[in-house]
Every structure is written in structure tokens, then in C-alpha cells.
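The values are calculated or read from the model by the stated rules, or taken from the named source; none is laboratory data. Treat the numbers as computed from the prediction; the structure is a model and nothing was measured. All Cβ positions, glycine included, derive from the backbone under ideal geometry; neighbour counts span all protein chains shown. Areas reflect the complete protein model, heavy atoms only, side chains present, ligands, DNA and RNA absent. Shrake-Rupley method; radii C 1.70, N 1.55, O 1.52, S 1.80 Å.
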Amino acid sequence: MSHHVQEHPEQHSLIPVPNTFIIPGGRFKEFYYWDTYWIVKGLLLSDMLETARGMVENLLTMVERFGFVPNGGRIYYLNRSQPPVLTLIMWDYVKVSQDYEFLQKYLHVLDKEMDFWLTKRLVQVTHEGVTYNLAHYDSESDTPRPESYIEDLETCAQLAHLGEDHLYECYTDLKSGAESGWDFSSRWLFAKDGSLSMDLKDISTRRNVPADLNAFLYKAFHILSKFCKILHQEERAEHWEKYANEWQEAINKVLYNEEDGVWYDYDLKLEKHRRYYFASNLTPLWAGAVNPEDKARIGGRCAEYLLKQGIRDLRGGVPMSMYPSGQQWDYPNAWSPYQNLVIIGLHKSNNETAQELAKELAHKWVNSNVKAYHENKVMFEKYSAAQAGQFGGGGEYQIQSGFGWSNGCVLELIHWYFRSKTRKYQRW
Ligand SMILES: OC[C@H]1O[C@H](O[C@H]2O[C@H](CO)[C@@H](O)[C@H](O)[C@H]2O)[C@H](O)[C@@H](O)[C@@H]1O
């Protein structure tokens with residue numbers, strides 16, 4: 001970041017941060033919140049601890065200044081966040097660096113970020129007479145995204161005949177969709193009867209209680225409790241463990257579907273599961289939001305579910321959905337972060353079938369990345385699940401190359417499946 005940004009922030013849209021950072025790549029020339037999780041994994045595997053620490057610190061300063069981490073490092077991203085992974089990033093960094101001083105210094109900032117999600121993004125769901133707290137994505141702003149202004153004007157203008165309120169709702173849901181990181185996907189598009197829509201104007205992100213968001217939060221609570229124990233802060237540890245338990249229960253009571261053996265998003269309007277395949281359906285397994293004694297059985301059921309979806313026939317990887325809406329977070333696109341979430345979740349379940357499938361999916365993904373790299377000499381932001389070595393498409397911009405999280409994710413899979421473990425990147 002240039003000195004000019006630091007000295008004259010009022011002349012820039014970039015938000016000044018104290019340390020160097022790695023951008024996702026392509027058109028994305030600022031830091032992005034959840035991209036940083038997988039970028040830091042790549043840095044740690046590359047022994048770039050100082051850069052990793054700097055990037056964690058940048059995000060922590062965002063929470064100190066604004067109370068939350070914005071979508072990305074631009075002032076026009078200050079009315080929404082992205083999936084809450086800051087505590088998870090700290091976990092990876094401390095695990096490798098053993099830098100407890102850094103952890104001690106910033107633990108209260110991690111608490112502060114959780115307060116944001118617990119006060120600004122909560123919804124209540126009543127199921128079988130019990131009311132549970134869960135979170136959803138919900139931007140504070142009801143205007144078009146500045147970075148995609150024309151696109152949003154055009155999308156929402158189609159609702160103008162219904163009245164001004166519909167326009168504002170549409171803008172808020174588009175920004176909330178961007179907060180989810182899945183911008184955009186049929187996950188957030190509701191047809192009249194509540195089924196998946198292909199039309200972006202049908203966006204209603206806030207209507208959904210997302211499985212992955214709540215899995216991220218569960219994991220963050222659990223890690224915070226562990227951090228507090230490490231630092232001998234017993235009372236705070238109990239406080240966060242209580243949240244972790246509460247979230248685990250809510251995730252399993254409200255989102256888990258016994259018949260299909262996975263967790264679905266919950267439709268707040270129709271008060272039922274959105275019973276469609278999305279890669280996010282497996283994220284509570286990855287987060288470990290299950291009782292240890294049920295883990296292997298549930299892992300096996302998740303593997304079964306994926307096989308039933310025909311995942312083996314797809315040559316490129318795990319698709320985001322099975323619904324070809326033309327949006328970039330739908331079929332046939334496969335994004336790196338969810339390969340790792342699905343694969344590592346299956347692996348950690350300790351179920352033999354799930355672990356075999358995890359290995360197969362890891363090999364498939366690495367091979368596809370390598371093939372695309374050989375043919376194009378770049379890594380891509382997203383790939384095709386349908387075809388090995390093919391980059392993805394759809395959505396509102398052309399495919400981007402670079403690419404931060406694709407590098408981090410593939411390095412993580414190579415580390416898990418293709419390399420003997422080094423001393424430097426131990427798992428706790
Ligand atoms: O400019 C359009 C949108 O671009 C971003 O979203 C996509 O790229 C991000 C960076 O890699 C990634 O975090 C996100 O998951 C992608 O969908 C941006 O985050 C959006 O806010 C923006 O509207």
C-alpha cells in the first residue's frame with residue numbers, strides 16, 4: 001500500500017492498514033476478508049509467517065476501528081462483512097508460530113468481532129416448541145453496491161413497479177448476498193413457491209439461515225474457548241464454550257435433516273429446510289459441530305449423500321450446487337474453499353468410506369488445478385466441476401486469475417495428501 005494512502009486516506013477508497021497483504025488477484029486489488037483465511041494457510045505452508053501475521057493484524061485493526069471486518073479493504077465495503085473466519089485465521093497462525101504474545105494482545109479483539117455477529121446478525125427460529133438463536137447475512141445498507149452499481153440498478157429496477165420499498169429490499173439483499181461470499185447463487189434466489197430461482201431479482205438472502213455461516217460461528221466460539229483456556233482465562237473460556245454448545249444444538253436441531261444426512265439452509269418464511277444440494281450442506285461436519293460419538297456415522301452419511309448426488313461422475317470437483325442458474329456460485333462452478341471444507345470434513349470424520357471419498361476428491365481437485373495451470377500458466381479464481389482443468393464462468397464479471405485462495409487451498413490439499421508432514425506445519 002502506498003504511503004500516499006496512509007498519509008491522505010481521504011483521497012483514496014482503499015482503507016489504510018499497517019502491514020503488507022496479499023490480494024486475491026485479477027480485478028480484486030484490495031484485501032478480502034474470507035479470502036484471507038485460505039491465503040494465510042498458503043503463506044503458513046510457505047513459511048511466510050511474518051506476512052501471515054501482518055495480514056491477521058490488518059484484519060484485527062479493522063475490528064478495532066469499525067467493530068467488524070468489512071467485506072474488503074475499501075471504504076465502500078464498510079456496510080457489510082464476509083463469513084466470520086478471523087478467529088479461525090488466528091488459530092492457524094498461532095498453531096504454526098506459537099506466538100502467544102500476539103494472541104494475548106488481540107484476544108479481546110476476537111471477542112469484539114463475535115459481538116458484532118451476535119448483536120447484528122441474529123435470528124430466532126422456533127422448532128418443536130424451542131426457540132434457537134442462529135445467524136444470517138444482513139447488510140446494513142439499502143443502496144446499490146458501488147463496485148457493481150449499474151448491475152444492481154438494472155436488477156432491482158425490474159421490481160420498481162411494486163413500489164420503492166421493494167427496490168430498497170432488493171439492494172439490501174444483494175449486499176447481504178455479497179456478505180455471504182456467495183455472490184451470487186440460487187441459494188439466495190427464491191421463486192414464488194420458495195424453490196430455487198434463476199432470476200437475480202428474486203434475491204432474498206436474509207430469508208435464509210445459512211448452514212455454513214453458523215458452522216463458521218460454531219467453530220469460532222469453540223476456538224475462542226480454547227484460546228481462553230490456553231491463556232488461563234477460565235471464565236471467558238466457559239462463556240465461549242456455552243455459545244459453542246448452544247450453536248451446536250441449534251445447528252443440529254434446526255438445520256440437520258435426518259432423512260438426507262446433511263444440514264440445509266433454513267427458509268425463515270416457509271419455516272422449513274431449503275432441501276437442495278449445496279456444497280455448504282456439509283460444512284457443520286468440517287466445523288466439528290457434532291457429538292464425537294456420532295461423528296463417524298454422520299461422516300458416512302455425508303459421503304453417501306454426495307455419492308447420491310453423482311459427485312463421482314463429475315471430473316472437475318465438488319460443485320457449489322446442481323442448479324445451472326448462470327450465477328458464479330452455482331453449477332457447474334467449483335470454488336476452492338468448499339473443496340477443502342468438504343474434503344477435510346469428510347477426512348476428519350474418521351469414517352472409512354468418507355475418508356476414501358475425501359482422498360479421491362482431493363486428487364481430482366489437485367489434478368484439475370495442475371491441468372489448468374499447465375494449459376494456461378495461471379491459477380484461477382474458480383473452476384468447473386464438470387470438466388477437469390477447465391476454469392469457471394458465469395456471474396457479473398469475467399473469470400479472474402491469480403488467485404489467492406486457489407493457491408492456498410491447493411497447497412493445503414497437497415500438504416494433506418501428497419507430502420509427508422513437515423515439522424513446521426503441525427496440526428494441534
Ligand atoms: O465485484 C463483485 C463482487 O466481487 C467480490 O466477490 C467475489 O470475489 C471475492 C474476492 O475473491 C470473493 O471473496 C467473493 O466470494 C466472490 O464472490 C466481492 O466480495 C463482492 O463484495 C463484490 O460485490
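Quick notes
- Check on Ala250, open to solvent by less than 10 Å² (accessible area, probe 1.4 Å), in contact (Cβ under 8 Å) with a residue 24 or more places away in the chain and under 18 Å from the mean Cα position of the chain (by Cα): no
- From the options Arg80, Arg65, Arg74, residue that is under 26 Å from Val5 (Cα atoms), buried (at least 19 other Cβ atoms within 10 Å of the Cβ) and charged (D, E, K, R): Arg80
- Filtering region 368-393 to residues that are within 23 Å of the chain's Cα centre (by Cα), assigned to a helix (DSSP H, G or I) and not small (Gly, Ala, Ser) leaves only Asn369.
- Listed by first and then second residue, the pairs with beta-carbon distance under 7 Å, at least 6 apart or on different chains, first residue in region 226-239 and free of Cβ contacts under 8 Å to residues at least 24 places away in the same chain, second among the aliphatic types (A, V, I, L, M), are Lys229/Ala237.
- Residues that are within 16 Å of the ligand (Cβ to nearest atom) and part of a helix (DSSP H, G or I) do not occur anywhere in region 109-117.
- Annotation: Pro18 fulfils all but one of (1) within 16 Å of the ligand (Cβ to nearest atom); (2) not small (Gly, Ala, Ser); (3) not in a helix (DSSP H, G or I); the unmet one is (1).
- Some residue of region 46-68 being of a type in the set (A, V, I, L, M), in a loop (DSSP other than H, G, I, E, B) and in contact with a Leu (Cβ under 7 Å, 6 or more places away or on another chain): no
- Residue match in region 341-350 (condition: within 16 Å of the ligand (Cβ to nearest atom), of a type outside the set (Ser, Thr, Tyr) and either modelled with pLDDT of 95 or more or touching a strand residue (DSSP E or B) at 6+ places or on another chain (Cβ under 7 Å) (or both)): yes
- Every residue from region 129-167 that is farther than 16 Å from Ser180 by Cβ, within 16 Å of the ligand (Cβ to nearest atom) and either open to solvent by 80 Å² or more (accessible area, probe 1.4 Å) or out of contact with any helix residue (DSSP H, G or I) (no Cβ under 8 Å at 6 or more places or on another chain) (or both): Tyr149, Ile150, Glu151, Leu153, Glu154
- Checking each residue of region 409-424 against the condition of being within 16 Å of the ligand (Cβ to nearest atom) and in contact with a helix residue (DSSP H, G or I) (Cβ under 7 Å, 6 or more places away or on another chain) gives at least one match.
- Criterion (away from the ligand (no atom under 13 Å from the Cβ), within 22 Å of the chain's Cα centre (by Cα) and among the hydrophobic types (A, V, I, L, M, F, W, C)) met by exactly one of Val5, Val56: Val56
- Single unsatisfied condition, Met1 versus (1) among the aliphatic types (A, V, I, L, M); (2) part of a helix (DSSP H, G or I); (3) open to solvent by 60 Å² or more (accessible area, probe 1.4 Å): (2)
- Test for Tyr323: is it assigned to a loop (DSSP other than H, G, I, E, B), of a type in the set (Ser, Thr, Tyr), open to solvent by 10 Å² or more (accessible area, probe 1.4 Å) and within 16 Å of the ligand (Cβ to nearest atom): no
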